[in-house]
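Q: Quick one: the structure is below, and I'll ask about it shortly.
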Amino acid sequence: MKPELSIVIPVYNHPDELCAMIDSIIANSYQSWELLLIDDGSDKQTIVCEQEYAKKDPRIKLVERNQLPKGAQTCRNMGLQLAQGEFLIWFDSDDIISDECLKNRVASIKSHPELDFMVFPSGVVENDKIVSGPHIRNMGFRILPDDLSLFAQRFLPFTVWTNIYRVDSLHKFGMNWDVNLLSLQDSDFNIQALLRGMKFDYAQVPIDYYYRINYSSNTIASNIVSKKHQKSHAYWIEKTFQQIQSKYNHRYDYYIYLGALKLFHYSCEKKYDDGFSHMISKIIMNYSKKWGIICNVQFFVLKLFSCLMPYVLSLKFAFFNYYKNQKSMIKKKRILMASAY
């Protein structure tokens, strides 16, 4: 008998956190699921952990990535290809879910046959403890009516693990993860879903997913400033311009420009990078002359003032519009989350 729900988790090490996630899935009251652990070349300890769970529970299947390139996006594509369920959820391996997560998600999307996917609120695990109140990392709450404008500016209203999808809809709309992206894959996937017309809504239910924040890990921080990731960021900016403009012309240029500034801020928060700034401004100029000129002026001011004052102050001065926008969005999000709690 086929499972009703397919759960796909890309796995790369972190065996302790992985065990906690699998245990939280098993503990759910809803039981008609398959769990596809798509391993991306983990260490021996993680492989042993996966094998032990697969031996104990036939619903759990260990699948080694056999496609290139290496990465979570390839693993997620494999999971979609292998999924047997009517519905699908992509989870991360180092988070946890509530006891009623699966039941609530399946019941909610069943009650809305007109929708292709649904979005659910998420919480946070910090220092191995669930945060009981609002947190800036909470997702799955409607912040603005226009979600595409938020994704374009890299302010995520939801992510993929907050959602449940109809498998038929994913195939119908030709949804796949972009394997050319080293990061921002989640944002790109959601932008594609919105542009291709997938119908969705936010579920009004309690938080059912907890995103783990691990301050001791600096892997992401070290990778995001690398030249490879900068090229990937540039690819995301250009792709986002191309695809959004093909449907909405220049309506979202301002938001994509803000998203580009955010990527520069993340990648060059401590030191100005002339090569990356040139890469970004050139892309923006190609797709939006107005915001390209403004972007060039901002980078010129940043470069000039970074010679006269501390870089952090120069960044805030040059990117004043970006910081103002971020502050406004964070305020709206906190007000929304406070009312939800």
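The values are calculated or read from the model by the stated rules, or taken from the named source; none is laboratory data. On a predicted model such as this, the values are computed, not experimentally measured, just so you know. For neighbour counting, all protein chains shown are included, and Cβ atoms are generated from backbone atoms with ideal geometry for every residue, glycine included.
Q: Of all residues in segment 71-94, which are in a helix (DSSP H, G or I) and under 15 Å from Phe173 (Cβ atoms)?
A: Those that are in a helix (DSSP H, G or I) and under 15 Å from Phe173 (Cβ atoms): Asn77, Leu80.
Q: Considering only segment 286-341, how many residues are surrounded by 14 or more Cβ atoms within 10 Å (Cβ to Cβ) and not in a helix (DSSP H, G or I)?
A: 3
Q: Can you tell me which residues in segment 135-156 are of a type in the set (D, E, K, R) and outside any loop (DSSP other than H, G, I, E, B)? Working first, answer last.
A: Of the residues in segment 135-156, the ones of a type in the set (D, E, K, R) are 137, 142, 146-147, 154.
Hit for segment 135-156 is Asp147, nothing else.
Q: Could you grab me the full set of residues in segment 239-281 that are assigned to a helix (DSSP H, G or I) and of a type in the set (Lys, Arg)? Step through it out loud before you land on a result.
A: As a first pass, look at segment 239-281 and keep what is assigned to a helix (DSSP H, G or I): 239-248, 253-267, 274-281.
Lys239, Lys247, Lys262 - these are the residues of segment 239-281 that are assigned to a helix (DSSP H, G or I) and of a type in the set (Lys, Arg).
Q: For Ser132, all conditions in the list (1) at pLDDT 95 or above; (2) part of a loop (DSSP other than H, G, I, E, B); (3) among the hydroxyl-bearing types (Ser, Thr, Tyr); (4) out of contact with any helix residue (DSSP H, G or I) (no Cβ under 9 Å at 6 or more places or on another chain) hold save one; what is the number of the exception?
A: (1)
Q: Identify the single condition in (1) farther than 24 Å from Val167 by Cβ; (2) assigned to a helix (DSSP H, G or I); (3) touching a residue at least 12 places away in the same chain (Cβ under 8 Å) that Ile22 does not satisfy, given that it satisfies every other one.
A: If we test Ile22 against (1) farther than 24 Å from Val167 by Cβ; (2) assigned to a helix (DSSP H, G or I); (3) touching a residue at least 12 places away in the same chain (Cβ under 8 Å), just (1) comes out false.
Q: Given the criterion surrounded by fewer than 17 Cβ atoms within 10 Å (Cβ to Cβ), acidic (Asp, Glu) and closer than 24 Å to Thr240 by Cα, identify the matching residue among Asp201, Asp188. Talk me through it step by step, then tell me what you get.
A: Numbers: Asp188 fails: surrounded by fewer than 17 Cβ atoms within 10 Å (Cβ to Cβ).
Of the residues listed, the single one that is surrounded by fewer than 17 Cβ atoms within 10 Å (Cβ to Cβ), acidic (Asp, Glu) and closer than 24 Å to Thr240 by Cα is Asp201.
Q: Do we have any residue at all in segment 40-61 that's under 18 Å from Leu18 (Cβ atoms), in contact with a strand residue (DSSP E or B) (Cβ under 8 Å, 6 or more places away or on another chain), buried (at least 21 other Cβ atoms within 10 Å of the Cβ) and acidic (Asp, Glu)?
A: Among the residues of segment 40-61, at least one is under 18 Å from Leu18 (Cβ atoms), in contact with a strand residue (DSSP E or B) (Cβ under 8 Å, 6 or more places away or on another chain), buried (at least 21 other Cβ atoms within 10 Å of the Cβ) and acidic (Asp, Glu), which makes the answer yes.
Q: Restricting the first residue to segment 298-319 and requiring it to be polar (S, T, N, Q), which pairs with a second residue that is surrounded by 15 or more Cβ atoms within 10 Å (Cβ to Cβ) and in a helix (DSSP H, G or I) meet a Cβ separation below 7 Å and a spacing of at least six or different chains?
A: Every condition considered, the pairs that remain are Gln298/Ala318; Ser306/Ser314; Ser314/Leu302; Ser314/Phe305.
Q: With outside any loop (DSSP other than H, G, I, E, B) and in contact with a helix residue (DSSP H, G or I) (Cβ under 7 Å, 6 or more places away or on another chain) as the only criterion, which of Asp178, Asp188, Asp201, Asp168 stands out?
A: When all the criteria are applied, what remains is Asp188.
Q: Pull out all pairs, ordered by first then second residue, where Cβ-Cβ is under 6 Å, the residues are six or more apart or on different chains, the first lies in segment 45-60 and is aromatic (Phe, Trp, Tyr), and the second is part of a helix (DSSP H, G or I).
A: Pairs that qualify, where the first residue is aromatic (Phe, Trp, Tyr) and the partner is part of a helix (DSSP H, G or I), are Tyr53/Ile22.
Q: Report, ordered by the first and then the second residue, all pairs with beta carbons closer than 6 Å, sequence separation of six or more or different chains, a first member in segment 162-184 that is in contact (Cβ under 8 Å) with a residue 60 or more places away in the chain, and a second member that is among the small types (Gly, Ala, Ser) and assigned to a loop (DSSP other than H, G, I, E, B).
A: If the second residue must be among the small types (Gly, Ala, Ser) and assigned to a loop (DSSP other than H, G, I, E, B), the pairs left are Val167/Ala83.
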